[in-house]
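The values are calculated or read from the model by the stated rules, or taken from the named source; none is laboratory data. Since this is a predicted model, take the numbers as computed values, not measurements. Cβ sites come from the backbone with ideal geometry, for glycine too, and all protein chains shown count toward neighbours. Surface areas here come from the heavy atoms of the whole protein model, side chains and all, with no ligands, DNA or RNA. Shrake-Rupley method; radii C 1.70, N 1.55, O 1.52, S 1.80 Å.
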Amino acid sequence: ALSINTGLRKWAQRMGAADPRISKPIVHGETLYVASGSNLMNFRRNNGQVRWNIPFPNTIVAPPVVDENGIAYVVTGDRAIYALDPRGRPVWK
């Protein structure tokens, strides 16, 4: 994460190999979501602390989407859609 004012790095996190078309960061409030391979990662936006990292049985094939309630949705290669609450708990598949 870079500072908008200075351009200096605020924090960094190492991730596995990621497809840049899928790994677009999604910001919702103070949370940052990033899909990487078959994992959905959730970070604190201000300091990069990992809140949770959820593995899925197949590769995530589209950037995650987050609704106004903080529910994150991911689509995997087996055409399944998963919904996760802000704490990373499954809501439905």
- Task: Tell me which residues, restricted to the range 67-85, are in contact (Cβ under 8 Å) with a residue 24 or more places away in the chain and surrounded by 18 or more Cβ atoms within 10 Å (Cβ to Cβ).
- Result: Ala72, Val74, Thr76, Tyr82, Leu84
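Considering the range 70-93 alone, what residues qualify as being among the small types (Gly, Ala, Ser) and at negative phi? Spell out the reasoning first.
Looking only at the range 70-93, we keep the residues that are among the small types (Gly, Ala, Ser), and these are 70, 72, 77, 80, 83, 88.
Ala72, Gly77, Ala80, Ala83, listed by residue number.
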- Could you tell me which residue of the range 16-36 is modelled with the lowest pLDDT, considering only residues that are among the polar types (S, T, N, Q) and part of a strand (DSSP E or B)? Ser36
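Would you confirm whether any residue within the range 38-53 is open to solvent by less than 30 Å² (accessible area, probe 1.4 Å), more than 27 Å from Ser3 (Cβ to Cβ) and in a loop (DSSP other than H, G, I, E, B)?
Kept after step one, since they are open to solvent by less than 30 Å² (accessible area, probe 1.4 Å), are these residues of the range 38-53: 40-43, 48, 52.
Retained after the next criterion (residues that are more than 27 Å from Ser3 (Cβ to Cβ)): none.
No.
Is one or more of the residues making up the range 68-76 outside any loop (DSSP other than H, G, I, E, B) and within 17 Å of Ala1 (Cβ to Cβ)? So that I can check it myself, show each step before the final result.
At the first step, the residues of the range 68-76 found to be outside any loop (DSSP other than H, G, I, E, B) are 72-76.
Next cut, within 17 Å of Ala1 (Cβ to Cβ) only: none.
Checked the range 68-76: no residue is outside any loop (DSSP other than H, G, I, E, B) and within 17 Å of Ala1 (Cβ to Cβ).
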- Per the list (1) under 9 Å from the mean Cα position of the chain (by Cα); (2) open to solvent by less than 80 Å² (accessible area, probe 1.4 Å); (3) farther than 18 Å from Pro86 by Cβ, residue check on Lys24 breaks on (2)
